[in-house]
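Structure first, then comments.
The values are calculated or read from the model by the stated rules, or taken from the named source; none is laboratory data. Not measured: the values here are computed from a predicted model. Positions of Cβ are generated from backbone atoms using ideal geometry, with glycine treated the same way; all protein chains shown enter the neighbour counts.
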Amino acid sequence: MRIVVAGAGAIGLLFGGILWLNGGDVILFTRRRGAAEAIFKEGILIESEDGVQQARPQCTTEPAQLGDACLTILCVKSYDTEAVARMLYPHLPHHSLILTVQNGLGNVESLVQIFGKKRVIGGYTTYASTLVGINRVYQVYRGLTVIGRHPLTETRLADVSMVAEELTRHGIRTLHVDDIYPELLRKLAVNAVINPLTAILRVRNGEIAENPSIKPIVERVLEECAIAIKRLGAVMSLEELRQTVDEVARATARNMSSMLQDIERGRPTEIDHINGAVARVLREVGLEWSVNEVLTALVHGLESRGAGYRGDPR
């Protein structure tokens, strides 16, 4: 099975490298010519406690060179989903499957509009990595990828199962569920806590679990997420969300969240697809200026300043 990994950020490089190192027929797609050139010359370098591994998958900036791909994994930022999907659409076989493991809400919706209901698979990952160079990542945590059908899709369960087996066979530990939607909402709550707070405070993920000073903010964000999740058609208790956030923060304690990495590099963040999405749902039920909306505004403030942290987060 030929697999396209779209995006050469922290997760795209990690997934592309792991798949290649475990025998996968993988090609990386990026719009950044500098990244493609570095990968062509040096490959993808994956650092971990065990040392450095070098993976040499194909990499291209030209969608026409993707070949007869059976699966495309979207690892680009949520705000780029539609643009990248439209670039890829004319060059992918009509039978190929599209998997999103991106953060935030709206990715499945965008992909269904472009590729149709029968090809899209929703998902998320708890694999954690930090981008330390244009073609180099540090793998902090070997997590789990969960995929499944979404209420907006009509993808065959057999196809979802096949993708999970293929990814697991090639080094990406993957489970499949019948309905991914509640899992995506749970991951949304995790991101709504960890991403903006680490970006604003300039700390690694573990600080969210260890710092008592921010507990009231964490609690309020989760209370609002529980309200939004109910509005979106699922029910999760505050205790359930609290436990999940704590587990993820501790498991990925040494990781720099993707939002902190973006702020450090002066790049746009996915805040509008995470806390901004929660805030929009809360406004529908009459809750103006929620904590999620405040966090969204604060992160936009950092973006507008091109703020970058000068040194290593604690």
Tally of residues being touching a Ser or Thr at 6+ places or on another chain (Cβ under 6 Å) and not hydrophobic (A, V, I, L, M, F, W, C) across the range 125-183:
10
Tell me yes or no: at least one residue of the range 70-78 is more than 19 Å from the chain's Cα centre (by Cα) and either assigned by TED's automatic domain parsing to the domain that holds Thr125 or in a strand (DSSP E or B) (or both).
yes
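Per-residue answers, yes or no, for (1) outside the structural domain of Ala128 (by TED's automatic domain parsing); (2) crowded, with 22+ Cβ neighbours inside 10 Å; (3) not in a helix (DSSP H, G or I):
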| residue | (1), (2), (3) |
| --- | --- |
| Glu219 | yes, no, no |
| Cys225 | yes, yes, no |
| Lys230 | yes, no, no |
| Val235 | yes, no, yes |
| Ala253 | yes, no, yes |
| Met256 | yes, yes, yes |
| Asp262 | yes, yes, no |
Kindly indicate whether Leu197 is assigned by TED's automatic domain parsing to the domain that holds Thr126 and either in contact (Cβ under 8 Å) with a residue 60 or more places away in the chain or outside any helix (DSSP H, G or I) (or both).
no
Counting only residues that are surrounded by 22 or more Cβ atoms within 10 Å (Cβ to Cβ), in a helix (DSSP H, G or I) and among the β-branched types (Val, Ile, Thr), how many does the range 85-119 have?
1
Asn205 being out of contact with any helix residue (DSSP H, G or I) (no Cβ under 7 Å at 6 or more places or on another chain), buried (at least 19 other Cβ atoms within 10 Å of the Cβ) and in contact (Cβ under 8 Å) with a residue 24 or more places away in the chain
no
Being charged (D, E, K, R) and closer than 30 Å to Glu47 by Cβ is true for just one of Arg250, Arg242. Which residue is that?
Arg250
Show me the strands (runs of 3 or more DSSP E) entirely contained within the range 130-182 in which 1 or more residues are free of Cβ contacts under 8 Å to residues at least 40 places away in the same chain.
145-148, 174-177
Out of the residues in the range 264-285 that are closer than 18 Å to Gly301 by Cα and aliphatic (A, V, I, L, M), state the one that is surrounded by the fewest Cβ atoms within 10 Å (Cβ to Cβ).
Ala277
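Rundown of residues vs (1) assigned by TED's automatic domain parsing to the domain that holds Asn22; (2) touching a His at 6+ places or on another chain (Cβ under 6 Å), yes/no style:
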position: Ile147; (1), (2): yes, yes
position: Leu157; (1), (2): yes, no
position: Val163; (1), (2): yes, no
position: Leu167; (1), (2): yes, no
position: Leu188; (1), (2): no, no
position: Asn191; (1), (2): no, no
With respect to the numbered conditions (1) in contact with a His (Cβ under 6 Å, 6 or more places away or on another chain); (2) small (Gly, Ala, Ser); (3) under 24 Å from Thr30 (Cα atoms), which one is the sole condition not fulfilled by Gly133?
(1)
